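Single-structure report; data block below.
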Amino acid sequence: MIQKSNRFSFSGHDSFQCRLLWLKKGYDFLYNGHDFNKNAAGIVLGVGNNMVRSIRFWMRAFGLTDEQDNLTDFAHLMFGQDTGLDPFLEDEATLWILHYRLVAIGYASTYNLIFNEYRKSKIEFTKSDYLNFIKLKLEERSSNISENSVNEDFVVFVKLYLNTDGIKDKEDSFSGILTELNLLDFYVKQKEDAKKESENVYYIAPTERPDIPEVAVLYAILENGDYQNSISLNQLEVDENSPGSVFALTKAGLYNKIKEIVKTPGHGVLSEQAGIRELQFQNKPKSTDILRTYYAAQAKYQPV
């Protein structure tokens, strides 16, 4: 089960969004006995020292390492040499699963706060809106984190998710690994005062998202330690770290996904009694088993 971090953190990535091959690169680096703290780490990884720190941060944020830089079971499962299920992130399900882990683990606070809380209260938001929201959250906890750190963290969030294909003058040509999910979008708001600069208005619109692989939704359910063997669809829609919250699914979209999930024996049943819909398990499958089964099936249909 995923264990959520309860402390606020808005730094550690050195202003770099996680890029496509960084997680595999970081896995191989640690698997082969190297140490992020060594001076030669940048030479081995083929990046500058600031990117070494960033790779280390993202490995932890996605739950591929623990606080001591030890590789986790999930890291070995997905990125293991010769045995990794999808080490080069070729299957879109892997990206959805990584997105879920980033949000649910909460090591990087922005992602947990935006998907679980902020987007529900404010459908559209600017960077300044988000900074004000975090200022209030920090005051609630009597925490002191610099506004500059939160500002940079928001910029990294945008780079990680915003698909800029076709947009001219991109700020950074190295897209974040989660841009293909198309979760984040924006439009430019012109100021009434022509002397003031326009600003980007961002939004994460809830939709049915028919393209999300059911395995990612089931994984999110099985990894949530708050869920027992009977889970109402309302919980699955609105709870913290629920698939509805993390994947920005509408009620109809979630219901469609659950109907597809329960078609597989052992993946629960959908109960509808007295107007209450529940996903019920007699014995929950292990999240690792459903991932192995899914990727094995995908491999069968790959062209030789």
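Each other residue within a Cβ distance under 13 Å of THR288 adds +1 if Lys or Arg and -1 if Asp or Glu, for a net charge of 0. A Stokes-Einstein calculation at 20 °C with viscosity 1.002 mPa s, built on the Kirkwood radius of the range 36-95 over Cα pairs, returns a diffusion coefficient of 172 µm²/s.
Shown for the range 171-284: the carbon plus sulfur share of the solvent-accessible area, taken with all protein chains present and a 1.4 angstrom probe, equals 43%.
With the helix formula -39500 (n - 2.57) applied to DSSP H stretches of n ≥ 4, the chain reaches a computed 222 nm mean residue ellipticity of -12000 deg cm²/dmol. With R₀ fixed at 30 Å, the C-beta to C-beta distance from SER128 to LEU21 puts the FRET efficiency at about 0.35. Using the alpha carbons alone, the radius of gyration of the range 113-164 stands to its Kirkwood radius in an Rg to Rh ratio of 0.97. Between VAL269 and ALA40, the simple spin-label model (points 7 angstrom out along Cα→Cβ) gives 6.0 nm.
Expressed as a whole percent, the accessible surface of the range 87-168 that belongs to carbon and sulfur atoms is 45, based on a 1.4 Å probe. Our note on the geometry: Cα centres of the range 252-283 and the range 57-109, 27 Å apart.
Extents of the chain, taken as max minus min of Cα coordinates on every principal axis and listed largest first, are 58, 52, 43 Å.
For the range 242-302, chymotrypsin sites (Phe, Trp or Tyr not before Pro) meeting the loop criterion (DSSP other than H, G, I, E, B) and having at most 16 other Cβ atoms within 10 Å: TYR301.
In the context of the full set of protein chains, the range 200-304 has a per residue accessible area of 52 Å² (1.4 Å probe).
Under a GNM of the chain (C-alpha, springs under 10 Å), which listed residue has the highest mean-square fluctuation: ASN144, ASN49, ASN112? Of ASN144, ASN49, ASN112, the most mobile in the Gaussian network model is ASN144. Computed from the mean reciprocal separation of all distinct C-alpha pairs, what Kirkwood hydrodynamic radius does the range 177-304 have, in Å? It is 16.7 Å. How large is the translational diffusion coefficient of the range 1-68 in µm² per second when you combine the Kirkwood radius over alpha carbon pairs with Stokes-Einstein at 4 °C and 1.567 mPa s? Approximately 104 µm²/s, per Stokes-Einstein. Evaluating kT/(6 pi eta Rh) at 20 °C and 1.002 mPa s, with the Kirkwood radius of the range 1-123 over Cα pairs in the Stokes-Einstein relation, gives 143 µm² s⁻¹. Springs join every pair of Cα atoms under 10 Å in this Gaussian network model of the chain, and among ASP28, ASP289, ASP226 the largest mean-square fluctuation is at ASP289.
In the context of the full set of protein chains, the range 102-159 has a per residue accessible area of 44 Å² (1.4 Å probe). Its relative contact order, with pairs defined as Cα atoms under 8 Å and 6+ residues apart, puts the chain at 17 percent.
The values are calculated or read from the model by the stated rules, or taken from the named source; none is laboratory data. A quick note: this is a predicted structure, and the numbers were derived from the prediction, not measured. Cβ: placed from backbone, ideal geometry, glycine included. Neighbour counts: every protein chain shown. We work out accessible area using only protein heavy atoms, side chains counted, and drop any ligands, DNA or RNA first. Shrake-Rupley method; radii C 1.70, N 1.55, O 1.52, S 1.80 Å.
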